[in-house]
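The next block holds one structure in the form of structure tokens; read it before the comments.
What follows is calculated from the coordinates using simple rules that are stated; it is not laboratory data. What you see is a predicted model, and the numbers here were worked out from it, not measured in a lab. Glycine gets a Cβ as well: all are built from the backbone with ideal geometry, and neighbour counts include every protein chain shown.
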Amino acid sequence: MAESDLILVDAPRPLVRRITLNRPEKRNALSNRLRADLIAALEAADRDADVRVTIIRGAGACFSAGYDLSREGAREPLPFHTAGGPGQWARHVVESCFRIWDLAKPVIAQVHGWCLAGGSELAAACDLVYVAEDAQIGYPPVRMMSPPDNQFHAWFCGLRPAMEMMLTGDAMDGREAVRVGFANRAFPADSLDQETVSIAERIAKIPTDVQQMNKRSVHRAMEIMGLRAAVRAGAEIQALALTTDTSRAMFDTFRQGVTKALDARDGAFDDYRTRKPPT
């Protein structure tokens, strides 16, 4: 199986493909090149008769802390063509998520550590989400930039939890993610690998020609209720949000360094990387 320096691909069980995001030194920040490799690997698994289910996980301390906001990351070309003009990035992100959504075979997100911003959008695009009990899942960009590109929160979590997440930018742990409906189940961090692979094994017992219909039946029900149209509408609101004075000022601070800008954003909340250790 092909590998790049940004993803690792293995087969932990027969008929189970596993993709590991491999930028642990960058908290698996989703650069365009990593996203291109991930999409290619997912589509390769979807075409492979020896694969029935795919797991996505992160190397190192977390699943993913979000999109790569560095200057270097911003210069990389998009993984695939999306029509240009205002809102291109948000539309591109939504199209990326629906590329996963529309695959024939089930995709599982295995989440530990930080699962923030674009990382949470990637997990939400998967069919099943299994999390470590102490995982931290959130969308802190709502504090100074915009709502999500892929606005899944109200659909998966319900009105009240979604509104609280949007109005605070706070993270929820794995147990809370299960309670509100973002994730399927939470496990102790040291057993997450084993438990996720065990569930994937059970899924892989069902042939793909049957499983793809099972998957689509659930997705079509959500789409009839308006999920696909609502997520696309959310992308337009995200693009509009980036025109506000506060959002533009936040992007200006990135020129002084992404870490410094994020610390300034979260310092008043005493969370994420700014959390003070207990005394």
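Structure notes:
- Selection among A117, G84, P106 by position relative to the dipole of segment 73-154 gives G84 as farthest towards the positive end (Cβ unit charges, Cα centre).
- Calculated from backbone phi, Karplus (6.51, -1.76, 1.60) coupling profile of segment 63-69 in Hz, x at Gly/Pro: 6, 6, 8, x, 5, 6, 9
- Compactness ratio for the chain: Cα radius of gyration over 2.2 N^0.38 Å (N = residue count) comes to 0.96.
- Computed from the Cβ-Cβ distance with R0 of 30 Å, the FRET efficiency linking I206 to D5 stands at 0.30.
- Between 0 and 90°, nearest 10: helix 88-101 axis offset from the chain longest Cα axis: 20 degrees
- Sparse-neighbour loop sites [trypsin sites (Lys or Arg not before Pro); segment 172-231; at most 12 other C-beta within 10 Å; DSSP]: K205
- For chymotrypsin sites (Phe, Trp or Tyr not before Pro), the sites in segment 1-101 that DSSP calls loop and that have at most 16 other Cβ atoms within 10 Å are F80.
- The DSSP beta bridges internal to the chain are antiparallel in roughly 25% of cases.
- Around the amide H of L30, modelled in the peptide plane, lie the amide H atoms of G66, Y67, D68, all under 5 Å away and 5 or more residues distant in sequence or on another chain.
- When the chain is treated as a Gaussian network with alpha carbon springs shorter than 10 Å, the biggest mean-square fluctuation among Q211, Q136, Q151 belongs to Q211.
- Top of H81, H219, H153 by mean-square fluctuation, Gaussian network on the chain, Cα under 10 Å: H81
- For G60, net neighbour charge (Lys/Arg +1, Asp/Glu -1) across residues whose Cβ lies under 13 Å away: +3
- Within straight-line cross-link reach of K26, lysines at Cα separation under 25 Å, skipping those fewer than 8 residues along the same chain: K260, K276
- Sites F80 and T246, calculated FRET efficiency, Cβ-Cβ separation with R0 25 Å, nearest 0.05: 0.20
- Approximate spin-label separation F269-A229, in nm, with each point projected 7 Å along Cα-to-Cβ: 3.2 nm
- Residue-count net charge about L15 - beta-carbon cut-off 9 Å; Lys, Arg +1, Asp, Glu -1: +2
- Backbone N within segment 200-220 under 13 Å of label point (7 Å from A49 Cα along the Cβ vector): 208-209
- Each Cα pair under 8 Å and six or more residues apart adds its separation to the average, and for segment 7-274 the resulting relative contact order is 19 percent.
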